[in-house]
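**Student:** Quick one: this structure, given as structure tokens, is what I'll be asking you about.
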Amino acid sequence: MHAPRLALLAAALAAPGLFAADLDRFRGPDGLGTAPDTRLPDTIGPKEILWKTPIPGRGNSSPIVSKGKVFVQTSTDENRKRALVCVDAATGKVEWSKDVAGGPPNQTIHAKNSMASSTPAADGQRVYAVFWDGSHISLTAWDYAGNPLWAKDLGAFKSQHGPGLSPMVVGDKVILNVDQDDLAEVYAFDAKTGDEAWKKSRQAYRACYTTPFVLHRDGKDELIVSSTAGVTAYDPKDGVVIWNWTWVWKPAAIGPKGKGSAKGGPGGPLRQVGGPIYHDGLIYAISGDGGGDRHMVAIRPGTTGDVTDTALVWEKTKETAYVPMVLASGPYLFWIADKENKAICADAKTGKVIWDERLPGSKPVSASPILVDGKVYSISEDGRVYVFEAKPKFKLLGDSKLGEDVFASPAVADGRLYIRGANHLFCIGNK
């Protein structure tokens with residue numbers, strides 16, 4: 001494992017109150033979608049479903065696991081309520097569910113979105129959740145017994161597709177990337193009080209839903225934020241920009257290597273849904289739109305200032321991921337081309353495709369895959385769970401059916417796989 005990733009993992013495991021197996025934010029502590037577990041089954045049948053708990057209402061919020069509890073969000077009572085739900089990770093028993101007032105959306109939302117698509121985050125002391133009441137978004141904090149601690153109204157959210165942003169925690173601050181169609185800002189709040197610590201404006205294009213991550217290198221933390229505007233490293237203490245790579249969108253063909261140039265789709269610059277990851281010295285970011293335009297880049301993190309002309313290492317514009325995030329393992333990248341339901345392995349340094357294989361079934365993929373014990377777990381929208389080896393030669397190990405739709409990304413903790421389906425929260429493992 002690369003040294004900065006080891007430092008990220010060590011810092012996460014050293015945080016007060018966190019279990020070694022916690023998955024306490026969307027895609028885990030470092031946003032990589034990997035877990036150290038080794039006991040997950042390749043195929044899922046009745047005996048591998050350890051418990052299955054009904055979750056009322058509808059939501060695409062992904063589960064997180066912290067201190068033996070699973071947290072997930074939902075929208076109930078015909079969209080008149082939102083809720084944060086706490087489930088015992090061992091038994092599947094609902095420990096508590098706390099309602100927040102809501103209403104129908106005041107704008108059109110994407111058919112695959114929901115009124116509860118944000119994933120909560122936790123730090124061992126508090127749980128943080130973003131709610132959309134149909135007009136305004138708010139960031140809230142709760143203790144592990146379900147008592148409300150603070151709430152911040154962040155105003156109206158404007159997007160072609162509706163909200164789906166998720167918080168993350170770094171040190172004593174809660175970070176939220178609020179990227180809308182007409183306004184883009186990165187917020188930092190004091191985790192204990194909810195007071196605003198800092199706020200930085202970004203160029204707004206099309207609403208993006210990426211969750212930042214922390215890159216630790218040379219003894220310093222960099223908060224990495226990615227959107228249509230580009231990739232920026234901020235100092236998490238005060239929001240000062242360390243370096244920035246601008247995504248220069250052009251209506252023409254891909255520009256020369258190193259210039260950060262790319263064509264936009266029919267609607268202009270492309271949207272980011274799946275967030276960036278860092279692996280072995282490079283940051284990988286993906287973008288796309290509903291029309292099928294795609295753009296993926298690999299950039300080298302900068303040191304200071306504007307690195308637009310120097311950071312780009314490679315780029316791709318076909319059969320890349322858009323909604324599901326990318327995975328990295330050793331010298332390889334793995335992703336799911338969501339519309340095609342095609343699994344792809346590529347060389348991480350060059351972007352050259354090593355293999356691409358269409359997975360069984362006809363439904364696309366919205367959930368981000370996870371990497372566990374050298375295996376990739378990917379779930380299609382109709383609940384088919386594919387497991388294949390994370391190796392330079394494709395080998396399908398499992399193809400199972402959950403029996404209900406899945407749009408949320410799975411979580412892994414303590415040798416168990418947690419999947420949020422349309423109607424249930426599943427806990428999967430070997431008995």
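The values are calculated or read from the model by the stated rules, or taken from the named source; none is laboratory data. All values reported here derive from a predicted model rather than from experimental measurement. Backbone-built Cβ (ideal geometry, glycine too); neighbour counts: all protein chains shown. In case anyone asks, the SASA skips ligands and DNA or RNA and just uses the protein heavy atoms, side chains included. Shrake-Rupley method; radii C 1.70, N 1.55, O 1.52, S 1.80 Å.
**Student:** Let me have the 222 nm mean residue ellipticity of the chain computed from DSSP H runs of 4+ only, each contributing -39500 (n - 2.57), with the sum over all residues rounded to the nearest 500.
**Tutor:** -1000 deg cm²/dmol
**Student:** Compute the accessible area per residue over segment 114-215, keeping the other protein chains in place, probe 1.4 Å, unit Å².
**Tutor:** 32 Å²
**Student:** Answer with a single label: of (1) 120; (2) 152; (3) 183, which was calculated as volume of the Cα convex hull per residue in Å³ from the structure in view?
**Tutor:** The calculated read-out lines up with (1).
**Student:** Name all residues of segment 393-412 having a backbone nitrogen under 13 Å from the label point set 7 Å from the Cα of Lys112 along its Cα→Cβ direction, giving them as ranges.
**Tutor:** Answer for this model: 406-409.
**Student:** Could you pull out the pairs from Lys220/Lys318; Lys112/Lys318; Lys349/Lys395; Lys69/Lys199 whose alpha carbons sit more than 27 Å apart here?
**Tutor:** Pairs exceeding the cut-off: Lys220/Lys318; Lys69/Lys199.
**Student:** Another one. Which percent of the accessible area of segment 375-431 is formed by carbon and sulfur heavy atoms (probe 1.4 angstrom)?
**Tutor:** Looking at segment 375-431 in its full context, I get 42 percent from C and S.
**Student:** Please give the contour-minus-distance gain from His136 to Glu319: 0.36 nm per residue of separation, less the Cα-Cα distance, rounded to one decimal in nm.
**Tutor:** So the extension gain works out to 62.4 nm.
**Student:** Output needed for segment 16-88: three equivalent-ellipsoid semi-axes, defined as square roots of 5 times the C-alpha gyration tensor eigenvalues, in descending order, whole Å.
**Tutor:** Three semi-axes, in Å: 24, 18, 11.
**Student:** Would you mind calculating the gained length between Asp153 and Leu396 on full extension (0.36 nm times residue separation, minus the Cα-Cα distance), in nm to one decimal?
**Tutor:** 82.9 nm
**Student:** Here's another thing I want to ask about it. Hey, any idea what Rg/Rh is for segment 106-205, computing Rh the Kirkwood way over Cα pairs?
**Tutor:** Taking Rh as the inverse mean 1/r over Cα pairs, Rg/Rh reads 0.96.
**Student:** Turning to a different aspect of this structure: Which order do Thr350, Thr310 take by accessible area at a 1.4 Å probe, largest first?
**Tutor:** Thr310, Thr350
**Student:** Excluding Thr211 itself, calculate the net charge of residues whose Cβ lies under 9 Å from the Cβ of Thr211, where each Lys or Arg counts +1 and each Asp or Glu counts -1.
**Tutor:** +2
**Student:** Provide the solvent-accessible area of Val94, counting protein heavy atoms only and rolling a 1.4 Å probe, rounded to the nearest 10 Å².
**Tutor:** Taking all protein chains as shown, Val94 has close to 60 Å².
**Student:** Among Val307, Trp355, Ser287, flag the residue with its Cα farthest along the positive direction of the charge dipole of the chain, charges on Cβ as +1 for Lys/Arg and -1 for Asp/Glu.
**Tutor:** Of Val307, Trp355, Ser287, it is Trp355.
**Student:** Excluding Ala233 itself, calculate the net charge of residues whose Cβ lies under 14 Å from the Cβ of Ala233, where each Lys or Arg counts +1 and each Asp or Glu counts -1.
**Tutor:** 0
**Student:** Just to confirm a number: summing +1 for Lys and Arg and -1 for Asp and Glu over residues other than Gly361 whose beta-carbon lies under 14 angstrom from that of Gly361, what do you get?
**Tutor:** -1
**Student:** Which is farthest toward the positive dipole end of segment 179-223 among Trp198, Ala188, Thr211, measuring Cα position about the Cα centre, with Cβ charges +1 (Lys, Arg) and -1 (Asp, Glu)?
**Tutor:** Thr211
**Student:** Rounded to the nearest 20 debye, what is the charge dipole size of segment 98-221 about its Cα centre when +1 sits on each Lys and Arg Cβ and -1 on each Asp and Glu Cβ?
**Tutor:** That gives segment 98-221 a dipole magnitude of about 260 debye.
**Student:** Another question, if that's okay. Express in nm, to one decimal, how much length is gained between Asp99 and Asp190 on full extension, taking 0.36 nm for each residue of separation and deducting their alpha carbon distance.
**Tutor:** Full-extension gain reported as 30.4 nm.
**Student:** Starting from the 7 Å offset along Cα-to-Cβ, what nm value, one decimal, do you get for the label separation of Lys67 and Asn423?
**Tutor:** That separation, rounded to one decimal, is 3.4 nm.
**Student:** Residues of segment 309-431: accessible area per residue at 1.4 Å, in Å²?
**Tutor:** Ligands and nucleic acids excluded, the result is 36 Å² per residue.
**Student:** Determine the distance separating the Cα centre of segment 308-326 from the Cα centre of segment 143-205; give it in Å without decimals.
**Tutor:** 26 Å
**Student:** I would also like to ask the following. Could you compute how much accessible surface His136 exposes when probed at 1.4 Å, giving the result in Å² to the nearest 10?
**Tutor:** Per-residue accessible area (His136): approximately 70 Å².
**Student:** Which percent of Cα pairs goes in each bin when the distances of segment 281-431 are cut into 5 angstrom slices starting at zero?
**Tutor:** 2, 9, 18, 21, 19, 14, 9, 5, 3, 1, 0
**Student:** Mind telling me which of Gly155, Gly194, Gly374 comes out most flexible in a GNM of the chain, alpha-carbon contacts under 10 Å?
**Tutor:** In this elastic network of the chain, the residue with the biggest mean-square fluctuation among Gly155, Gly194, Gly374 is Gly155.
**Student:** Could you work out the relative contact order of the chain, using alpha carbon pairs under 8 angstrom and six or more residues apart, expressed as a whole percent?
**Tutor:** Rounded, it is 15 percent for the chain.
**Student:** While we're looking at this one, here's another question. So which trypsin sites (Lys or Arg not before Pro) in segment 329-410 are both in a DSSP loop and have at most 13 other Cβ atoms within 10 Å of their Cβ?
**Tutor:** Loop-located and lightly packed - Lys352, Lys393, Lys395.
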